[in-house]
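Chemist: Structure provided below as structure tokens; questions to follow.
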Amino acid sequence: MLTVSKLNHYYGKAHVLRDLSLDVGTESVGVFGPNGAGKTTLVHAIVGLVRPRSGTILFEERSLLRLQTFQVIRTGIALVPQERELFPFMSVLANLEAGAAYIPRAQKEMSTALDGALEMFPILKERSRQLAGTLSGGEQRMLAIARAMMSSPKLLILDEPSLGLQPSLVTELFHKVREISARVAILMAEQNVRQSLKAVHRGYVIENGQIALEGKADELLNNDHVRRAYLGL
């Protein structure tokens, strides 16, 4: 579905992505690494927020490199950014509807998608008339994911979804990620390696802009380097 090949990107003289290659099929895939490893830059390159120096990004065999972000979204990719970027003075329901507003195929399926989103996140149904900016941090994260799902994506990209959440909410979040992965392919960039490896099928470890390791989730959980560097074992 998504194929990234030999991607290179610079910020000034800093070489932040170095011949980085990965692929995502109809599955859930995690990208792990410390701050500054290149995870968010990779996500931004996929959705057209940065222009890599070289390399290719194909989604269903179509190049994304010359597309604007809104065009990338219309190909069937949805992004949940770190900052959530909700409309704080609009209701929960209006935020959800906005997720489908500019996607032609999603507009046709809005009613069905809305029912699915509220079924998956019952708290949002309870809060449907509440202003998004008054929700708790965890509820806002759930709303951001549900809004992305309203676009009927083929691939959902999550950038640091657990950032800033208390531990009990992190566990709930990754339960939802596993549930969503039964419906749509997922690419998730995360620092929380222990929890997120339980929610994905495969993973890549990025260090200094390069793929240092890749494998099935259980293989990475048992990898000595991952256990020492990321799990504290």
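Chemist: One residue is enough: does the range 128-137 have a residue meeting the conditions in contact with a Gly (Cβ under 9 Å, 6 or more places away or on another chain) and assigned to a helix (DSSP H, G or I)?
Modeler: yes
Chemist: Only one of these conditions is not met by G55: (1) open to solvent by 40 Å² or more (accessible area, probe 1.4 Å); (2) not in a helix (DSSP H, G or I). Which number is it?
Modeler: That leaves (1) as the condition not met.
Chemist: Find all pairs meeting these conditions: Cβ atoms under 9 angstrom apart; at least six residues apart or on different chains; first residue within the range 49-71 and more than 18 Å from H15 (Cα to Cα); second residue modelled with pLDDT under 95 and assigned to a helix (DSSP H, G or I).
Modeler: Qualifying pairs under 9 Å: F59/V72; L64/Q71; L64/V72; L67/R74.
Chemist: Working carefully through the options A113, A45, A117, A106, find the one that is assigned to a helix (DSSP H, G or I), open to solvent by less than 60 Å² (accessible area, probe 1.4 Å) and at pLDDT 95 or above.
Modeler: A45
Chemist: Kindly indicate whether any position in the range 130-138 is of a type outside the set (K, R) and either crowded, with 23+ Cβ neighbours inside 10 Å or farther than 22 Å from F89 by Cα (or both).
Modeler: Within the range 130-138, one or more residues are of a type outside the set (K, R) and either crowded, with 23+ Cβ neighbours inside 10 Å or farther than 22 Å from F89 by Cα (or both).
Chemist: Taking T26 and the conditions (1) open to solvent by 50 Å² or more (accessible area, probe 1.4 Å); (2) assigned to a loop (DSSP other than H, G, I, E, B); (3) farther than 19 Å from I186 by Cα; (4) touching a residue at least 40 places away in the same chain (Cβ under 8 Å), which numbered condition does it fall short on, given that it satisfies the others?
Modeler: (3)
Chemist: Name, by its number, the condition in (1) more than 12 Å from the chain's Cα centre (by Cα); (2) over 22 Å from E85 (Cα atoms); (3) open to solvent by 10 Å² or more (accessible area, probe 1.4 Å) that does not hold for Q191.
Modeler: Going through (1) more than 12 Å from the chain's Cα centre (by Cα); (2) over 22 Å from E85 (Cα atoms); (3) open to solvent by 10 Å² or more (accessible area, probe 1.4 Å) one by one, Q191 breaks only (2).
Chemist: Is the range 166-174 home to any residue that is part of a loop (DSSP other than H, G, I, E, B), modelled with pLDDT under 90 and among the polar types (S, T, N, Q)?
Modeler: yes
Chemist: Using beta carbons and a limit of 7 Å, which pairs, at least six apart or on different chains, have the first residue in the range 142-160 and without any contact (Cβ under 8 Å) to a residue 40 or more places away in the chain and the second one in a helix (DSSP H, G or I)?
Modeler: Note: pairs meeting the criteria are M142/I123; M142/L124.
Chemist: I've got another one for you. What do you reckon, is A94 touching a helix residue (DSSP H, G or I) at 6+ places or on another chain (Cβ under 9 Å) and in a helix (DSSP H, G or I)?
Modeler: Here the answer is yes, as A94 does meet what is asked.
Chemist: Might you check whether a residue that is without any contact (Cβ under 8 Å) to a residue 60 or more places away in the chain and not polar (S, T, N, Q) occurs anywhere in the range 30-39?
Modeler: Yes: one or more hits.
Chemist: Looking at the range 201-230, which of its residues are in a loop (DSSP other than H, G, I, E, B), open to solvent by less than 90 Å² (accessible area, probe 1.4 Å) and either without any contact (Cβ under 8 Å) to a residue 24 or more places away in the chain or over 17 Å from L163 (Cβ atoms) (or both)?
Modeler: Of everything in the range 201-230, those that are in a loop (DSSP other than H, G, I, E, B), open to solvent by less than 90 Å² (accessible area, probe 1.4 Å) and either without any contact (Cβ under 8 Å) to a residue 24 or more places away in the chain or over 17 Å from L163 (Cβ atoms) (or both) turn out to be G209, N223.
Chemist: Tally up the residues in the range 175-188 that are open to solvent by less than 10 Å² (accessible area, probe 1.4 Å) and in a helix (DSSP H, G or I), please.
Modeler: Count: 2.
Chemist: Of everything in the range 161-174, what is in contact (Cβ under 8 Å) with a residue 12 or more places away in the chain and open to solvent by 70 Å² or more (accessible area, probe 1.4 Å)? Give them in sequence order.
Modeler: Selection gives L163, G164, Q166, E172.
Chemist: Suppose the filter is touching an Asp or Glu at 6+ places or on another chain (Cβ under 6 Å) and open to solvent by 40 Å² or more (accessible area, probe 1.4 Å); does Q71 pass it?
Modeler: No; evaluated as a whole, the condition is false for this residue.
The values are calculated or read from the model by the stated rules, or taken from the named source; none is laboratory data. Remember, it's a predicted structure, so these values are computed and weren't measured experimentally. Don't worry about glycine lacking a Cβ; one is built from the backbone with ideal geometry, like all the others, and counts go over all protein chains shown. The area values use the complete protein model at the heavy-atom level, side chains included, leaving out ligands, DNA and RNA. Shrake-Rupley method; radii C 1.70, N 1.55, O 1.52, S 1.80 Å.
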